[in-house]
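Before we start, here is the structure in question, set down as structure tokens.
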Amino acid sequence: MPSRVQPPSDLGILVLLAYQGFVRLLHEDMAQHGYDDLGRSDGVVMRVLNGGGRKVSDLARLLDITPQGTAQIVEDMERRGYVVRRPDPADARARLVELGERGRGAIDAARAFHRRFEARMARRHGVDAIAGFRTVLDDMAGAAGGGLDRELRALYL
């Protein structure tokens, strides 16, 4: 009996597949712009740090992982030039983790990709369709309540 693959009709599966496709395209684009060494959690860390420097303990709390795990991520990102650590002007004993030059460049490259991707989708499907899609996704994201759960967070941290 021949096997038959059915198209995914479950909205949740479609959202997952769309996300995976989007991330694949994003990573390809980032690699083409010289960011071929990004780790799984780098994007999340850079987005958090884009708002300003953070102590490792504060970053750990925001990422919902241990300070030790966060310190390992920060050390690796610092080695690759995405973040830097500087003395905290408010606490001489502490150090702040901030975006480095490479990290700011990666954020800029990712944002440019996002704009191009959305513009391409708007050309294909129309501005109103994309606005409606964004509304649906916002509603779906809000319906989850308290944010991302640990299992989902573990997929990219």
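The values are calculated or read from the model by the stated rules, or taken from the named source; none is laboratory data. Please read all numbers here as calculations on a predicted model, not as lab measurements. Backbone-built Cβ (ideal geometry, glycine too); neighbour counts: all protein chains shown.
Can you name the residue in the stretch 21-64 that is small (G, A, S) and in contact with a helix residue (DSSP H, G or I) (Cβ under 6 Å, 6 or more places away or on another chain) and is also nearest to R95 (Cα to Cα) among such residues?
From the stretch 21-64, those small (G, A, S) are 21, 31, 34, 39, 41, 43, 51-53, 57, 60; that's our starting set.
Subsequent filtering for residues that are in contact with a helix residue (DSSP H, G or I) (Cβ under 6 Å, 6 or more places away or on another chain) retains 41, 57, 60.
On the way: S41: 21, S57: 10, A60: 14 Å.
Checked the stretch 21-64; the qualifying residue nearest to R95 (Cα to Cα) is S57.
Which residue, of L152, L157, L99, is modelled with pLDDT under 90 and closer than 22 Å to D29 by Cα?
Values: L152 fails: closer than 22 Å to D29 by Cα; L99 fails: modelled with pLDDT under 90.
The conditions single out L157.
So is A18 in a helix (DSSP H, G or I), free of Cβ contacts under 8 Å to residues at least 60 places away in the same chain and in contact with a helix residue (DSSP H, G or I) (Cβ under 7 Å, 6 or more places away or on another chain) or not? Steps first, please.
Numbers: in a helix (DSSP H, G or I): yes; free of Cβ contacts under 8 Å to residues at least 60 places away in the same chain: yes; in contact with a helix residue (DSSP H, G or I) (Cβ under 7 Å, 6 or more places away or on another chain): no.
So A18 fails the test.
A further question on this structure: Which residue is farthest from P67 (Cα to Cα), if the candidates are limited to the stretch 128-144 and must be at pLDDT 95 or above and loosely packed, with under 12 Cβ neighbours inside 10 Å?
D128
I need the full set of residues from the stretch 47-97 which are assigned to a loop (DSSP other than H, G, I, E, B) and either touching a Cys at 6+ places or on another chain (Cβ under 7 Å) or exposed (fewer than 12 other Cβ atoms within 10 Å of the Cβ) (or both), in order please. Quick ask: steps written out before the conclusion?
So in the stretch 47-97, the residues assigned to a loop (DSSP other than H, G, I, E, B) come out as 50-53, 55, 64-66, 80-82, 89-90.
Once the filter is applied, which keeps residues that are assigned to a loop (DSSP other than H, G, I, E, B) and either touching a Cys at 6+ places or on another chain (Cβ under 7 Å) or exposed (fewer than 12 other Cβ atoms within 10 Å of the Cβ) (or both), the stretch 47-97 yields G51, G52, T66, P89, A90.
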